[in-house]
Amino acid sequence: VGHEHRTRDSSLRQPSKDMENIDFPPKQREVLSVARIDGNSIGWILNPKRFEGAEVDFSDGIRRRSMRFNAHWWRSLALALQRVNEDDPDRVSCWVSAGDDIIIAEYGEKGSKVVSDGIERTIMAFVESLDEGINRELSRNSQGPLTSVSVGISHRKEGGISQMIAETEELEGTAKKLWKEAISDSETGREMISPDKLREDSMEVNRMIL
């Protein structure tokens, strides 16, 4: 988590030897942006109750779908981080990766006024990879759900990292509510969320930062 996780990422994700004129990260750096990413109703995607005959292999069905989904999810995250860090080493790092909850952070030179979009590009690459991977498989079922995410992004302010993390949680919760409203009015025919959860007044998840 945090600095230790970033240090490990830095050692594993090095720029290609074939690339020339790469500017290495400055020695004095600070966190410029933080983003919280959360999968939308991932449990419903994996729920075997959506399929006929699910009662026969309930636990086995969950296990197999979870393993395949996780493989796509983490591969997409790894590719997104690799892509954004190719030209600018160690720009964006993953702080937390637990289930479908992800927190990533973007670093830059301390005191720099340069506005960077590294964290936004990482998220876009992550979503694109999900569409090309797991969603390509899920789209074969015209009525089934597709993988989507809710995201909250906060850029550095006077309050520092703790304020950014708190703001990302609030923004991600707002994005989740907007997503629920959007799929409620959608006419695509896809059941993106379980009927029971769609009827709930709130999709807020109580979280505690330890």
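Couplings for the stretch 182-187, taken from phi via the Karplus curve 6.51 cos²θ - 1.76 cosθ + 1.60 with θ = phi - 60°, read 5, 6, 5, 9, 6, 10 Hz in order; Gly and Pro are left as x.
On the beta carbon distance between Lys157 and Val96, with R0 = 25 Å, the FRET formula returns roughly 0.75.
Taking the Cα centre of the stretch 112-205 as origin and assigning +1 to Lys and Arg Cβ atoms and -1 to Asp and Glu Cβ atoms, the resulting dipole is close to 200 debye. Sequentially through the stretch 160-165, phi angles give Karplus couplings (6.51, -1.76, 1.60; θ = phi - 60°) of x, 5, 4, 5, 4, 5 Hz, Gly and Pro residues having no value and appearing as x. So if I take the centroid of the Cα atoms in the stretch 127-193 and the same for the stretch 84-100, what is the distance between those two points in Å? Between the Cα centres of the stretch 127-193 and the stretch 84-100 lies a distance of 19 Å. By a 1.4 Å probe calculation restricted to protein chains, Glu30 has an accessible surface near 40 Å², given to the nearest 10. Based on protein heavy atoms only, the stretch 87-129 ends up with 46 Å² per residue of surface accessible to a 1.4 Å probe. Assuming 0.36 nm per residue, please report the length gained on full extension of the stretch Asp117 to Ala166 beyond their Cα-Cα distance. Length difference between fully extended and current span is 15.6 nm.
The values are calculated or read from the model by the stated rules, or taken from the named source; none is laboratory data. Remember, predicted model here, so these are calculated numbers, not experimental data. Ideal geometry is used to build each Cβ from the backbone, glycine not excepted, and the neighbour counts take in all protein chains shown. For the accessible areas, the whole protein counts, side chains as well, though only heavy atoms, and no ligand, DNA or RNA atoms are used. Shrake-Rupley method; radii C 1.70, N 1.55, O 1.52, S 1.80 Å.
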